[in-house]
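Before any comments, here is the structure.
The values are calculated or read from the model by the stated rules, or taken from the named source; none is laboratory data. What you are looking at is a predicted structure, and each value in this text was computed from that prediction instead of being measured. Because the Cβ atoms are built from the backbone with ideal geometry, glycine has one as well, and the counts that use them run over all protein chains shown. Side chains included, ligands, DNA and RNA excluded: accessible areas come from the protein's heavy atoms. Shrake-Rupley method; radii C 1.70, N 1.55, O 1.52, S 1.80 Å.
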Amino acid sequence: MRLLDPDQPNLAEAREAALEMTKDARRAAEIIDRVRSLYQKGSSQREPIDVNEVISEMVVMLQNEADRHSVMVRTDLAAETPQGVADRVALQQVLDECHAQRYEAMLDTSGELSINRSWPRIGNC
């Protein structure tokens with residue numbers, strides 16, 4: 001709203017912010033749809049995925065949780081990794097659980113969660 005201040009509106013920045021919100025809302029709706037489909041029999045949706053992209057999406061989605069626990073999240077993702085075929089939502093759930101376990105381990109302390117990604121294996125939670 002401050003970008004639309006009547007005294008000095010910044011329409012270009014407001015437009016960019018609105019586009020980002022729309023993109024995030026679409027991504028959230030897609031994730032919700034896929035989570036719902038996980039609970040339907042035989043609904044696994046295997047597709048080509050970029051694991052780095054999935055990790056980056058999860059970091060964005062879990063940023064509020066990290067902030068709440070005073071945890072700084074740092075990623076070190078391999079630059080060139082081949083795409084794999086997986087159920088994106090199932091992979092996101094695994095990553096979400098890994099993050100939740102790490103945040104719990106850091107309760108009442110501040111810390112840094114480092115997410116490393118190298119080929120050929122993702123590594124342990």
Breaking point among (1) at negative phi; (2) at pLDDT below 80, for S70: (1)
Residue match in region 24-45 (condition: under 26 Å from R102 (Cα atoms), touching a strand residue (DSSP E or B) at 6+ places or on another chain (Cβ under 7 Å) and modelled with pLDDT of 80 or more): no
Condition met for L113 (modelled with pLDDT under 75, of a type outside the set (D, E) and either farther than 25 Å from R36 by Cβ or open to solvent by less than 30 Å² (accessible area, probe 1.4 Å) (or both)): yes
